[in-house]
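Notes follow once the structure below has been shown.
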Amino acid sequence: MGEDVEKLKQRLSLLDYLRQQNWVARPAAHGDEFVGLCPLHPETRPSFYVNARKNLFYCHGCGQGGDLLRFVQLSRHLSFRESLAYLDQQSALTADPVAVLEQAATFYQQQLDGYLEALRYLEQRGLHDLALIKELRIGYAPGGSLRRHLTAQGYSCDLLQRLGLLNPQGCDAFYRRVIFPCCRGGRVVNLYGRSTGVSFAHRFLPGSKGGLYGWEQVQQCPEVILVEGLFDYAVLWQAGFRHVTCSLGTHLNADQFRQLCDRPRTVYLTFDVDGSGQQASQQLAHRLRPQGIVTRRVLLPDGHDPNSFFVQGGDARQFHSLLEAAQP
């Protein structure tokens, strides 16, 4: 029984459940806490706090507190066993895709240190800062183990196939790929698998790839470096360029374009130095300028993208010189 309860709590977060019940909240003083009106008693001043990391609630008005199971007992007037059965049914019907992707991203991140081939691949791509690798939550999908892990948490194969984590044959979709979680507002919205060999294509899961990668960190910046690839992003961040974001390809979706245009700024377009990269850069510049955005095209040496520039010996000083020489 105890093991089943813990698995259920992992599948359903208290905050997600409350939002499904139309609970309106705002961030509290601490990043993991949210506050709103108490759903358990009438009140006019918010006193109901939820700690999203600990999956706990407490109301300073009525004095009630506990976990998701306790909240269901109080709000629906159910016994412990009745609440457990209700939540088990709810998790089967309304499993939150974000929660599943979060579990997958965490699992992949835990695999990375155990596979020398993945660590060597990151080193070959110029990424050696272990703190940055951890901060970006980079992981590794060896293949064959995610299905076992997630089904043990109670998720169905049908759900995992709908999300693209399993292929139509029921096997792990990501195999021998370095994994980058794509997040928005702190929530995983997609996973990008970068093949460590030539046999497997790079790929996202089905669905939206979200907005610009790392946008929350640079949204207030008056100058932004825009790159097309995640390894371009990672090596620039590693070199100290913290005002960088990534479009995950040369063609911006509508949401990404709106993000870049949310205020006046200068955008350094740093796409690959090849025909398609430079053509996409010019087209994007023409679209951005009427929106009040100043654009500068960064011209890397022939045959290079930001990642290869640093891998083959470029340094932060040289890249800064390229920014200064960028053309309108």
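Worth a mention:
- Close pairs from region 49-69: first among the acidic types (Asp, Glu), partner part of a loop (DSSP other than H, G, I, E, B), Cβ under 7 Å, at least 6 apart: ASP67/ASN55
- Taken together, the residues in region 137-164 that are touching a strand residue (DSSP E or B) at 6+ places or on another chain (Cβ under 7 Å) and either crowded, with 19+ Cβ neighbours inside 10 Å or in a helix (DSSP H, G or I) (or both) amount to 8.
- Among (1) more than 24 Å from GLY314 (Cβ to Cβ); (2) open to solvent by 40 Å² or more (accessible area, probe 1.4 Å), the one test that GLN282 misses: (1)
- Test for CYS221: is it crowded, with 21+ Cβ neighbours inside 10 Å and closer than 30 Å to GLY292 by Cα: no
- Region 111-133, subset without any contact (Cβ under 8 Å) to a residue 24 or more places away in the chain and more than 18 Å from SER195 (Cα to Cα), residue least open to solvent (accessible area, probe 1.4 Å): ALA131
- The one condition in (1) farther than 17 Å from VAL24 by Cα; (2) buried (at least 16 other Cβ atoms within 10 Å of the Cβ); (3) at pLDDT 95 or above that GLY65 fails to fulfil: (2)
- Annotation note: Cβ proximity below 9 Å between a residue of region 24-35 that is open to solvent by 90 Å² or more (accessible area, probe 1.4 Å) and a residue that is not in a strand (DSSP E or B) (sequence gap 6+ or interchain) occurs for VAL24/LEU37; ARG26/PRO46.
- Extreme residue, modelled with the highest pLDDT, among residues of region 187-215 that are polar (S, T, N, Q) and within 20 Å of PHE257 (Cα to Cα): ASN190
- For region 219-306, the strands (runs of 3 or more DSSP E) that sit wholly inside it and include 1 or more residues that are in contact (Cβ under 8 Å) with a residue 60 or more places away in the chain and over 18 Å from the mean Cα position of the chain (by Cα) are 223-227.
- Here PHE310 passes the criteria (1) of a type outside the set (A, V, I, L, M); (2) crowded, with 19+ Cβ neighbours inside 10 Å; (3) in contact (Cβ under 8 Å) with a residue 12 or more places away in the chain; (4) in a loop (DSSP other than H, G, I, E, B) except the one numbered (4).
- Count of residues meeting criterion [part of a helix (DSSP H, G or I), open to solvent by 40 Å² or more (accessible area, probe 1.4 Å) and out of contact with any Lys or Arg (no Cβ under 7 Å at 6 or more places or on another chain)] in region 87-110: 8
The values are calculated or read from the model by the stated rules, or taken from the named source; none is laboratory data. Given the structure is predicted, the values throughout are model-derived calculations rather than measurements. Cβ atoms come from the backbone with ideal geometry, glycine included; neighbour counts cover every protein chain shown. Side chains included, ligands, DNA and RNA excluded: accessible areas come from the protein's heavy atoms. Shrake-Rupley method; radii C 1.70, N 1.55, O 1.52, S 1.80 Å.
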